Each structure stands twice: as C-alpha cells, then as structure tokens.
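Structure, as structure tokens:
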Amino acid sequence: MCGIIGYIGKRNAPDIVIDALKRAETRGYHGFGVAVSTGNKFEIRKKGGEDCLGDFLELVSKSLLPKSSYAFGHNRWATHGTPEDRNAHPHLSQSGRLAIVHNGIIENYSVLKNTIEKETGVSLKLISDTDTEVLVNWIEYVQKLSKLSLKEAMKSALENVEGTFAFIVASLDEPGVFVGAVRGRTMRIGVGEHEGEKEFFIASEVYPFSHYTQTYVVIPSHKLISVTKDGYIVEDTRTGLVETPELKKLEITLHATEKGEYKYWMDKEIHEQPRMIENVLQGRVDLRDKSVILGGIKEYEKDLANASILHIVAHGTSFNSALLFKYWCEAIAGIPVNVELASEFRYRKTLVSNGSFVIGISQSGETADTIVALEHAQELGATILGICNVEGSHMSEMTDAGIFLRAGRELGVASTKTFTAQMAVGMMLSLHLARIKGVLPEGSYQELFEELQSLPLYIEEVLSLDNPNIKLALELLKNASSAYYIGRGVSYPIALEGALKIKEIAGIHAEGYAASEMKHGPIGLLDKHMPVVAIATSSSQIDKMISNIKEAQARKAPVIALVTRGNPNNVPADIHIELPEVREEFSPFINILPLQILAFRLALMKGKNPDKPEGLAKSITVE
Ligand code: M6R
C-alpha cells in the first residue's frame, strides 16, 4: 500500500524508478509519480486516477525526464484525497525546494498546518488534499526556522509529527542526498554495484530492485537515513546513535515470472497451485521417517507443542487460513488455538505475557494491523512468530522465528495460491506439533502425512476438470446482487474465503456463514434472487449440512453445491459441482479451487480486471 522508491547510481535514475514502480504496482494504483532534480527545480511527472499506471507510462514516454543519476518516485493507495493528478506524489513544499514521497499516515497533519499558518501568518497554498503535502511543508518550516541541514531539520521536525510512516525527501539545496524517516514501518536499502560504482535503491519492499541487486539492509522503525552515491547512514531517532544494519542477501528469487499463456496473474496463480504446493513441501517432508521439518521454528517447536494455547493474529484471507489452522491444530495436535483479527487483538486487553506464543499470518508480511498486534504482543513478553510469503518483509524481520510460505510472488491482489500455501503450512505445523507431542496414533499420523503428499495431484486434477456446471453457476451468480456462502467444520473458513473472493474481485456482495448460523438471522433475507453456495462435500456433518441447504431451498433460494464426485450423499441443489473425494481434513484444499475460479470468471464476465480490484491494494500498510 503506497510504494516509495529512490535510486542513486550510475544508471539513468528515472528509468530505474519507473521500472520499479511498474514492478511494485500492486502496492497501490491510485497514483504514480517520479521526480528528478535539474539543479534549480524538480521535474515531476505524475498521474492520479483509478488504475492509472498506463496513463502514467504514457505521460513519461511523451514528456521525457532529463537524464539523472538520482531520482525518486511513488505509487499511491489513496488515504487522504481522491485519486487524481494533484493528489499523486511526489509533492513539493511551498518554495518548491523540497520534494517528498510518503507511505503511511500523518495523524496530526491539521495541527501541523495550523501551527505553520499561525506562526508565519501566511496560509499554506496547498495543491493536494494529502497529509503528505503538509508534512513536507512542516519540514520546510522547521528547516527555515532552525537553519539546519535537511537531515537535522527532519530530526527536529519529526518530534512533533504523529503517525506511522516511511518517507523520503530530497532538497534542491543538497543535491544527491535522500533523507528518509521510518516510524511504525520498515524500509529497505538495496546495495548494488554498476560499472564499478556503488548504487543504492531505497524502497518499501525488496522486490522492485531485486533484479538489480540481491543485497539489502532493512531499516526498521524509528530510524532516520541519509543516502548518497557513496553510502548510507542510519540513525536511531530516539537515541541519536548511528547504527550499522546487517547486510542481508535474498535467498529466494523474487523475479516475477512472465504471465506466459495467461492474460491475468490471478488465473496464472490459481493454475500454478499444484507446482506451488510441491515447492512448499519440498525439503520439509522427510519421506523416510515420515516427518515434517520446519527449520525456521526449530528452536521453539517443543515449547509450541507444549503450549497451553497458541494465539494467531491475521486479516482477510490470512485470517481465514488461520481459522483452518485452529480446526486442524486442535483436532490433530490437541493444542488450543485462539484466532483473532489482529486489529481487535491489539486494542483490547489481551491476556498474553511471558511464555505466550503469538503467531502472525500474512502473505505480504507488511499488513500494519498484524504488525502492530505482534509488536504489542512482544511488548507484553510473548514470543512472536510469523508465517509469511515475503522474505525481507516487516514481519519476517521483526519476529523471533517463522516459516516462509514459499508460494512465489503473488501479483494478483486477491490471494489465491498464498491461501493454499498458508493451508499447507498450517497442516504441516499441526502434524509436526502432534508428532512432537505424541498425541496422534502413528497410523492416523501416517495417513494424514501421505495425504499431504498427494495434494499436488488432487489440486491438478480439479484444475484440469472442465466442469460444465461451473458455467451454469456463473450464469446464476452473475445477475445476483448478493449471495451467501455456507459450510460447516473445515468448510466454514472456505465459505468465508469464497465469499471474500467474489466480493473482492467480482464486486458482488457476499457473506460467508457457518451453515447453522444462517437460521439465526441471515436466512430472513433468502429468496429466489439470493443464491446460496453450499460447500457440501462428504464430511462428518453432511446430514446437518443437507438440512441447512433444505432450509435455504424452502425459501426458494437457488443453491449451488460443491459435492463429492457422484454425489454419494444426495445433496439437494440446483447446480452441483462435483469434486474428487479426499479425506475431510484435506477437503479445504480442493473446495477452495472452484470458488477461486468462480470469482475469477465472474470478474471477467462483469468487465472487471481481476488482478486489480477497485479500491484495494496488495499490502495494507495503514491501520
Ligand atoms: O498480506 P496479508 O495476508 O497480511 O493481507 C491481509 C489481507 O489484506 C488480505 O489477505 C486480503 O484479504 C486479500 N487480498 C484477499 O484476497
């Protein structure tokens, strides 16, 4: 959510920044911009609007920027101000001598604005509606008063700034220097070499520069940085001490593969799930002694297995996968699991302390709600663990230990393959803890372990089925303004996830319910215009599920049911989507697939771009 990028080095900086903005597009597409200093002014090219990368690229191709070894840019996910040109970053100070790109929120921007106006007696002539433009003016105001260098002035200005942010500022008076600040966020500096000279990339994540260099440092919260062509200095804003962050090397290649035969990332990501699961399992399952190896949490595994309760915090799709982990971990390993939306966990009185384990699940590893919940848990003394997909992400850096998903980069805003990877890691962790704890009979363990190995085959089979009933289901759903998704047991989180997908990318209002909950209120809205998608594959609760479907039919709601091949349970429905039979514990891996496909194809039918749902971004870095 909002991406910042800066480059200093021998290459042509505007080209590097524009390339990086394309690569980080999913952080927000409400605005794109780039700034270059010509010595006496900043040349800025920027575009705002919904999904405006194309317009921005056209602008920079028609209105070329001067060549430079030093440039910076931004892609925007709107917080303050609508998506339009004037709200896109970079923003200039009133004198035009400072330029800024910013990710985050300045909570007291109106106080800062009032202070400047009161103290100077002059009204700020702001061009945008953003908190960012106020911030750059605040820095300019403090610098003018104090006559300090940009870096020292920024340090002083930050004392009165409230909020969480990562931003970089450049000044015409100090050419070739970027000064940046981070609070409650992280930033990365990529460290490379080109034609015998050093080069530096400043970015919100490693991906935009990972094809230029694999070496980077993470800049955590409460830091001030200055970067020139010769190097970087990192200073703690609380202690004033200069620090030397550890140089890291990317271990996983983050290069985006091409879309290949696919037009959309989401389609590709759905179809790469069999290979992705192989990758998730590779090296983590020992076929000789049928054990799971999770190196990232080795140090904590015994304590985890003996914990009286595990707390999981997450949002969105990651929350749905966390619910599944709860079902599995409690049933398989006998360890109680508390799953909470991270934002709720953070701001209520939570009973975690020394000895507690709090696990964050996040595809991006950048979700602000989840990050602050983990920070809070750490302050309370808990050990914090992370399950995330992005190496070098905020979560992967802040946690005591963790497990990478290894799903490969996901570019579609809607999580698909990373949800499946989260499920696979959840199942592996449950099996692993069960074995350490010794609670599962060996025979049952082996059966589950073997089924885990078969997942890529099952998934492949489902994805290759060209089920004609999917078309019927699409016809039914495309005209609906609302739909319910229902399931019981491990199918309940799948109902939540199926509903989230269709809501997110097809723009159809949908709610997921535990099937039994329908009769406690939601059932009142059922009629012939409200389809119900029922996850009704074979399970221990199939009879009760059938009763819930009948309740919906009694109210004339059309029912689309996911059923086990041959419909052995005689599930009543208007449209049946048959799926291969797997053990109930593993059914979520199969059942989610047609729901992902339905959402993807509905989005296309409704003329939407499934990769870029309106108003959403891939990583949500504000609370
Ligand atoms: O990166 P995270 O997994 O922490 O993101 C959390 C949610 O914002 C995310 O899962 C969102 O719900 C998905 N885009 C849904 O497809």
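The values are calculated or read from the model by the stated rules, or taken from the named source; none is laboratory data. None of the values given here were measured: they were computed from a predicted structure. Here the Cβ is made from the backbone with ideal geometry for all residues, glycine too, and neighbour counts use every protein chain on show. With ligands, DNA and RNA removed, areas are computed over all heavy atoms of the protein, side chains included. Shrake-Rupley method; radii C 1.70, N 1.55, O 1.52, S 1.80 Å.
Would you pick out the residues in the stretch 400-413 that are within 12 Å of the ligand (Cβ to nearest atom) and in a strand (DSSP E or B)? Give the derivation first.
Taking the stretch 400-413 first, the residues within 12 Å of the ligand (Cβ to nearest atom) are 405, 407, 410-413.
The answer is none; no residue qualifies.
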Here are some conditions: (1) closer than 22 Å to ASN609 by Cα; (2) surrounded by fewer than 24 Cβ atoms within 10 Å (Cβ to Cβ); (3) at pLDDT 90 or above. PHE42 meets all but one. Which one does it not meet? (1)
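Just give me the residues in the stretch 507-523 being small (Gly, Ala, Ser) and in contact with a strand residue (DSSP E or B) (Cβ under 8 Å, 6 or more places away or on another chain), in sequence order. Steps first, answer last, please.
Here is the first cut: in the stretch 507-523, the ones small (Gly, Ala, Ser) are 507, 510, 512, 514-516, 521.
Of everything in the stretch 507-523, those that are small (Gly, Ala, Ser) and in contact with a strand residue (DSSP E or B) (Cβ under 8 Å, 6 or more places away or on another chain) turn out to be ALA510, GLY512, ALA514, ALA515.
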What is the residue count in the stretch 423-449 for residues that are touching a residue at least 60 places away in the same chain (Cβ under 8 Å) and either open to solvent by 10 Å² or more (accessible area, probe 1.4 Å) or more than 25 Å from GLU301 (Cα to Cα) (or both)? 8
When residues of the stretch 373-398 are filtered for being over 20 Å from SER415 (Cβ atoms), modelled with pLDDT of 95 or more and outside any strand (DSSP E or B), how many remain? 8
Criterion (open to solvent by less than 60 Å² (accessible area, probe 1.4 Å), in contact with a Phe, Trp or Tyr (Cβ under 9 Å, 6 or more places away or on another chain) and in contact (Cβ under 8 Å) with a residue 60 or more places away in the chain) met by exactly one of LEU476, LEU411: LEU411
Identify all residues within the stretch 314-346 that are of a type in the set (A, V, I, L, M), within 11 Å of the ligand (Cβ to nearest atom) and touching a Leu at 6+ places or on another chain (Cβ under 8 Å); write none if there are none. ALA314, ALA342
So, in the stretch 349-407, how many residues would count as being closer than 22 Å to HIS222 by Cβ and basic (Lys, Arg)? 0
Among the residues of the stretch 361-384, write down those that are within 15 Å of the ligand (Cβ to nearest atom) and over 18 Å from the mean Cα position of the chain (by Cα). ILE384
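What residue, among those in the stretch 541-573 that are of a type in the set (D, E, K, R) and over 36 Å from the mean Cα position of the chain (by Cα), is nearest to GLU278 (Cα to Cα)?
Going through the stretch 541-573, the residues of a type in the set (D, E, K, R) turn out to be 543-544, 550-551, 555-556, 565.
Filter again for over 36 Å from the mean Cα position of the chain (by Cα), leaving 543, 550-551, 555-556.
On the way: ASP543: 34, LYS550: 39, GLU551: 40, ARG555: 44, LYS556: 43 Å.
Among residues in the stretch 541-573 that are of a type in the set (D, E, K, R) and over 36 Å from the mean Cα position of the chain (by Cα), the one nearest to GLU278 (Cα to Cα) is ASP543.
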Pull up the stretch 495-545, narrow it to residues that are within 30 Å of ASP611 (Cα to Cα) and among the acidic types (Asp, Glu), then point me to the one that is farthest from the ligand (Cβ to nearest atom). GLU511
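Taking GLU497 as the residue in question, decide whether it is charged (D, E, K, R) and open to solvent by 20 Å² or more (accessible area, probe 1.4 Å).
Working: charged (D, E, K, R): yes; open to solvent by 20 Å² or more (accessible area, probe 1.4 Å): no.
When the stated conditions are applied, GLU497 does not pass them.
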In the stretch 572-623, residues that are away from the ligand (no atom under 16 Å from the Cβ) and under 30 Å from ILE106 (Cα atoms) total 0
Could you check the stretch 566-623 and list, in sequence order, the residues that are within 23 Å of MET427 (Cβ to Cβ) and acidic (Asp, Glu)? GLU581, GLU584, GLU585
Sort out which residues of the stretch 199-236 are open to solvent by 10 Å² or more (accessible area, probe 1.4 Å) and of a type in the set (A, V, I, L, M, F, W, C), and write them in order of number. VAL218, ILE233
Is at least one residue of the stretch 269-287 in contact (Cβ under 8 Å) with a residue 40 or more places away in the chain, under 19 Å from GLY498 (Cα atoms), within 14 Å of the ligand (Cβ to nearest atom) and open to solvent by 40 Å² or more (accessible area, probe 1.4 Å)? no
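Residue-by-condition table, conditions (1) within 16 Å of the ligand (Cβ to nearest atom); (2) in the same structural domain as MET266 (by TED's automatic domain parsing):
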site	(1), (2)
MET398	yes, yes
THR416	yes, yes
VAL425	yes, yes
GLU447	no, yes
LEU452	no, yes
LEU457	no, yes
SER481	no, no
